[in-house]
Amino acid sequence: MLSFINIFRLVAFLEGISYILLLFIATPIKYLMGDPQYVKLLGMPHGLLFVAYIALAFMLKKDFNWDTKQFTTVLIASIIPFGTFYIDRKYLKRLN
């Protein structure tokens with residue numbers, strides 16, 4: 001059975017992967033080769049994963065006793081490439 005922490009870790013991982021693919025593969029293909037199909041293909045799943053990551057972070061904040069600095073770090077990590085992987089290693093892995 002999946003716990004909220006495992007669901008959050010999975011969403012964080014998938015959000016991180018989708019963001020990297022969007023930034024470093026789909027966007028260059030769009031602007032260098034004029035082919036926007038990959039941005040269209042990855043954009044919606046990434047957006048949904050981003051919203052799920054933020055929502056789960058808010059839901060789990062109290063359970064993990066994150067102070068304002070930690071919580072802000074968790075939220076900001078979602079907009080920094082590779083940030084969700086850092087959060088998993090620093091905050092989530094030890095809670096599992």
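Somewhere in region 41-61, is a residue under 18 Å from Asn6 (Cα atoms), out of contact with any His (no Cβ under 8 Å at 6 or more places or on another chain), open to solvent by 40 Å² or more (accessible area, probe 1.4 Å) and outside any helix (DSSP H, G or I)?
Among the residues of region 41-61, at least one is under 18 Å from Asn6 (Cα atoms), out of contact with any His (no Cβ under 8 Å at 6 or more places or on another chain), open to solvent by 40 Å² or more (accessible area, probe 1.4 Å) and outside any helix (DSSP H, G or I), which makes the answer yes.
Of the residues that make up region 69-81, is at least one under 30 Å from Ser3 (Cα atoms), within 10 Å of the chain's Cα centre (by Cα) and not in a helix (DSSP H, G or I)?
yes
I'd like the residue in region 30-40 that is surrounded by 13 or more Cβ atoms within 10 Å (Cβ to Cβ) and not basic (Lys, Arg) and, out of all such residues, is farthest from Tyr86 (Cα to Cα). Explain how you work it out, then say what you get.
First, pick out the residues of region 30-40 that are surrounded by 13 or more Cβ atoms within 10 Å (Cβ to Cβ): 30, 36, 38-39.
Narrowing the set further to residues that are not basic (Lys, Arg) leaves 36, 38-39.
Working: Pro36: 30, Tyr38: 26, Val39: 25 Å.
So the residue we want is Pro36.
Thr68 - would you say it is loosely packed, with under 14 Cβ neighbours inside 10 Å, free of Cβ contacts under 8 Å to residues at least 40 places away in the same chain and of a type in the set (Ser, Thr, Tyr)? Walk me through how you get there before you give the answer.
Values: loosely packed, with under 14 Cβ neighbours inside 10 Å: yes; free of Cβ contacts under 8 Å to residues at least 40 places away in the same chain: yes; of a type in the set (Ser, Thr, Tyr): yes.
For Thr68, the condition - loosely packed, with under 14 Cβ neighbours inside 10 Å, free of Cβ contacts under 8 Å to residues at least 40 places away in the same chain and of a type in the set (Ser, Thr, Tyr) - is met.
When you scan region 71-96, how many residues do you find that are of a type in the set (A, V, I, L, M) and surrounded by 19 or more Cβ atoms within 10 Å (Cβ to Cβ)?
Residues flagged as of a type in the set (A, V, I, L, M) and surrounded by 19 or more Cβ atoms within 10 Å (Cβ to Cβ) within region 71-96 amount to 4.
Only residues that are β-branched (Val, Ile, Thr), more than 15 Å from Tyr86 (Cβ to Cβ) and either open to solvent by 60 Å² or more (accessible area, probe 1.4 Å) or not in a helix (DSSP H, G or I) (or both): list them for region 8-29, please.
Ile25
The values are calculated or read from the model by the stated rules, or taken from the named source; none is laboratory data. Note that the structure is a prediction, hence the values are computed from the model and not measured. No Cβ is skipped: glycine too gets one built from the backbone with ideal geometry, and neighbour counts run over all protein chains shown. We work out accessible area using only protein heavy atoms, side chains counted, and drop any ligands, DNA or RNA first. Shrake-Rupley method; radii C 1.70, N 1.55, O 1.52, S 1.80 Å.
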